[in-house]
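Presented below is the structure to which this report refers.
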Amino acid sequence: PSPRSFQLNGGSEEALRCEIEELRQKDLALDQEIAQLLSEGYSLEELDKHISLLHEYNEIKDAGQMLLGKLAVIRGVTTKQLYPEYDLELSD
């Protein structure tokens, strides 16, 4: 291999090492957060249920946003303009 291809491989290896280290740090931070929640009296089952409910909420919200977007296109307005009509907050 040429020195240039070695540098690219070395660079990508270094980038992968950095990414792996970042993922390890995130994993450690999540483990610490879980330990904190457990020490506050939460159970893993309760945390799993909350996570499941958050996923469900996000899926429903995404579907609602998609429908609002399609309605906005049909009416020729922005999605933002539809929010007051449906009593939605911009933060919703």
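The values are calculated or read from the model by the stated rules, or taken from the named source; none is laboratory data. None of these values were measured; they are calculated from a predicted model. Backbone-built Cβ (ideal geometry, glycine too); neighbour counts: all protein chains shown. Protein only, heavy atoms only, side chains kept; ligands, DNA and RNA dropped before computing areas. Shrake-Rupley method; radii C 1.70, N 1.55, O 1.52, S 1.80 Å.
Some values worked out for this structure:
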| read-out | value |
| --- | --- |
| Leading residue by the ranking (nearest to LEU90 (Cα to Cα)) among those in the stretch 39-51 that are open to solvent by less than 100 Å² (accessible area, probe 1.4 Å) and not in a helix (DSSP H, G or I) | TYR42 |
| Long-range neighbours under 7 Å by Cβ, at least six apart or interchain, first residue on the phi < 0 side of the Ramachandran plot within the stretch 69-92, second open to solvent by less than 60 Å² (accessible area, probe 1.4 Å) and aromatic (Phe, Trp, Tyr) | LEU90/TYR83 |
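Okay, residues lined up against (1) in contact with a Gly (Cβ under 7 Å, 6 or more places away or on another chain); (2) surrounded by 11 or more Cβ atoms within 10 Å (Cβ to Cβ); (3) outside the structural domain of ILE34 (by the TED database):
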site: LEU53; (1), (2), (3): no, no, yes
site: ASN58; (1), (2), (3): no, no, yes
site: ASP62; (1), (2), (3): no, no, yes
site: GLN65; (1), (2), (3): no, yes, yes
site: GLY69; (1), (2), (3): no, yes, yes
site: ALA72; (1), (2), (3): no, yes, yes
site: GLY76; (1), (2), (3): no, no, yes
site: THR79; (1), (2), (3): yes, yes, yes
site: LEU82; (1), (2), (3): no, yes, yes
